Amino acid sequence: MELKAHSFARSHHSCWTDDLLADAYAGEVACDAAEDALTHGGVYPLEQMQQALGAYDRAALAVLRRHRELRVEPLPVVPSRTLGAAALLSLYINAHGRLHIRPASHARIDCGGDAWIGVGQVAAGAPVMAEIGGVHAAWQRSEAEYFVQVRAAVERLFSDGGLQRALEQVIDEIDYIDSLCFYIGDRYVALIDEAGRPALLYSLREKCYASWADDEVLIAAALHVLVRSGRASCFDEFNGALLTARDLIARIEHFSLGDARASHDRMAFESLDLFERVAKIRALKRF
């Protein structure tokens, strides 16, 4: 799912300026326009493309689907006294083809070259913006809770002296990958540099674990899960996606259903840390 903005196209429109592209959606139901832009005019599957959405963008799209009365406004949108800039949503696609649905009052996300394709703006209104904020806040709380499990598993791996070995195993597997890019929040992460080296992993290998940022812990944990599960050939599952603790654990939960929980006491299975669960599931050949 390595996408570029120049691959985006509308069947009835051949110009690439922001205004013309935005006008092509003017008057359309906002969530329909967002989904069309998200899938690049239907070129890519909706379910696949939603994996790339940022946390706020996911919240915004979910709320827009509840409010089909909201439509994309013709440009330029001039905030009124009753509807200030803070109540406007801006839809745009970044240089890597990722859709953003953000408050128009916020600076656009720069993922390289200050290149965006404008889709349009939506006069959401304060109640809808508050609704989006509530959904986003709930997502953040949930993600923080899931990350506690990820951090605990990595802490245990470090305490047992296995973290460096795990990194080396991931690096060995990554050497066969041409490209691996994903998002951590709004940050675009290219794991393989222009020389074909996993530079980020090399830097982690030399960095004291106590200094690892949460993002680095999540990246190392996600890659270690794939290697330990025997699914290292599936690194491309992360390509173009938003990497989150909740999605990582959801993958493990998906494979843990059935035999794993039928063959072991549920409480005993739940007491295992993230990596222990992966090892148990692999032993049961659920992967």
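The values are calculated or read from the model by the stated rules, or taken from the named source; none is laboratory data. Since the structure is predicted, the reported quantities are computational estimates derived from the model, not experimental observations. Heads up, the Cβs are rebuilt from the backbone with ideal geometry, glycines too, and the neighbour counts pull from every protein chain shown.
When you check V150 against the structure, is it under 18 Å from the mean Cα position of the chain (by Cα), under 25 Å from G54 (Cβ atoms) and touching a residue at least 12 places away in the same chain (Cβ under 8 Å), yes or no? So V150 fits the description; yes.
Cβ separations smaller than 8 Å between residues 6+ apart or across chains give the following pairs from the range 43-64 residues that are in contact (Cβ under 8 Å) with a residue 60 or more places away in the chain and in a helix (DSSP H, G or I) to residues that are hydroxyl-bearing (S, T, Y) and buried (at least 20 other Cβ atoms within 10 Å of the Cβ): A55/T244.
Screening D193 on (1) of a type outside the set (S, T, N, Q); (2) outside the structural domain of F238 (by TED's automatic domain parsing); (3) not in a helix (DSSP H, G or I) shows it passes everything except condition (2).
Pull up the range 103-122, narrow it to residues that are within 21 Å of R65 (Cβ to Cβ) and touching a helix residue (DSSP H, G or I) at 6+ places or on another chain (Cβ under 7 Å), then point me to the one that is surrounded by the fewest Cβ atoms within 10 Å (Cβ to Cβ). Of everything passing the filter in the range 103-122, P103 is surrounded by the fewest Cβ atoms within 10 Å (Cβ to Cβ). Checked against (1) more than 20 Å from V227 (Cα to Cα); (2) not in a helix (DSSP H, G or I), G161 passes all but condition (1). Looking at the range 231-287, the helices (runs of 4 or more DSSP H) lying wholly inside it that each contain 1 or more residues that are modelled with pLDDT under 70 and loosely packed, with under 13 Cβ neighbours inside 10 Å sit at 259-262, 266-270.
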